[in-house]
Amino acid sequence: MSEQPVNPTPAEATDDDAPGTAPAGTVPTGTVPTGSTAADALAEPFADAATDVTADEAAALRAASFERARRLRQEPRFPGGPAADPAGSHHERRIRSFQPRRSRVTTGQQDALERLWPKWGLDIDGQRVLDLAHLFDGLPVVLEIGFGMGEATAQMAADDPGTGILAVDVHTPGQGNLLGLADKAGSTNVRVANGDAVILLREMLAPESLDGLRVYFPDPWPKARHHKRRLIQPEFLDLVAPVLKPGAIVHCATDWEPYAEQMLEVLTAHPRFENTAADGGYAPRPAFRPLTRFEGQGLDKGHVVHDLLFARV
């Protein structure tokens, strides 16, 4: 279960969609075989167009194309649903812990988004401070960053209806899936937030408003040059500490051993957090954290899953 991008972009084009290609069995425009009058007649207009367009006009056409693509990226996939870029230009350029991606939304997920987003969804726009007491009818609230397809989140919500879960992700199919699962289970203690969790922590949560933080199986960014993209860093914990109540638990889990070691090192070194494990190491998996499908796949491959539970002091 890994965190996802804040600025989703359309799915990458397939080879059939790439510029200059054509579907199998067809001949791309402008490449009609020569040697016939018909072919010469087809090629002539393109040759004329190429000579008639100036460099400035070509640049203007490219700029217009880029602008159209930019507007499409900002349009919501579902009117009234999660925004494609909720914070817009409000957030600064910086290294992020996720990569943009989009994938197919099923009919069931689309139905859940259209029915339930107005009631249980919110965009992370950085323009307001959330009233969690109002949003969750007075329940204590834990923040979960990166919930994948939402199966584990929905199960935790159903198992503990007395705790509100503010679940953050940017993966539209996962957002719809979680809403649908919660609705099917009759759970009313889940709210789905769309956007960048850093903006949420920094600008939209009041001091000491959270009762816990859950980060399960974030992207490990295994290559050394990408370690700076890992979510659990000292700067991230600096944002987390003020919005947690004293005694609130930060619960992380990963099946990537080097990342687990980094998590343990960073959390142990931070003055606002204290390890709940008596030996100062990893903790057993708490009963409230269900075994996820992703985790099961890792265990089948021989991976060792580490849980870390640190209290805010």
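Of the heavy-atom accessible surface of the range 188-245 (probe 1.4 angstrom), what whole percent is carbon and sulfur?
52
Going by average Cβ density within 10 Å per residue, which order do the peptides 248-255, 198-205 take, highest to lowest?
Descending packing order for the listed peptides: 248-255, 198-205.
On a straight-distance basis, which lysines could pair with Lys119 in a cross-link, Cα separation under 23 angstrom, same-chain partners fewer than 8 positions away excluded?
Partners found: Lys184.
Label Glu235 and Ala158 with points 7 Å out from Cα along Cα→Cβ: what is the distance between them in nm?
Placing both labels 7 Å beyond Cα along the Cβ direction yields 4.0 nm.
According to a simple spin-label model (label point 7 Å from Cα along Cα-to-Cβ), what is the distance in nm between Ala55 and Ala133?
Distance between label points: 6.5 nm.
Under 29 Å from the Cα of Lys301, which lysines turn up, not counting those fewer than eight places away in the same chain?
List returned: Lys223, Lys228.
Tell me the net charge near Lys223. Cut-off is 12 Å between Cβ atoms, Lys223 excluded, with +1 for each Lys or Arg and -1 for each Asp or Glu.
In short, +3.
Probe 1.4 Å, all protein chains in place: accessible area of Glu151 in Å², nearest 10?
The accessible area of Glu151 comes to roughly 80 Å².
Looking at the calculated P(r) for the range 123-232, what percent of the C-alpha pair distances fall above 16 Å?
59
Above 24 Å lies some portion of the pair distances; for the range 168-313, what is it as a whole percent of all C-alpha pairs?
36
If each of Val313 and Leu299 carries a label point 7 Å out from its Cα toward its Cβ, how far apart are those two points in nm?
3.3
The values are calculated or read from the model by the stated rules, or taken from the named source; none is laboratory data. Quick caveat: nothing in here was measured; it's all calculated off a predicted structure. Methodologically, a virtual Cβ is constructed for each residue, glycine included, from the backbone with ideal geometry; neighbour enumeration extends over all protein chains shown. Heads up: the accessible areas ignore ligands, DNA and RNA and are worked out on the full protein's heavy atoms, side chains in. Shrake-Rupley method; radii C 1.70, N 1.55, O 1.52, S 1.80 Å.
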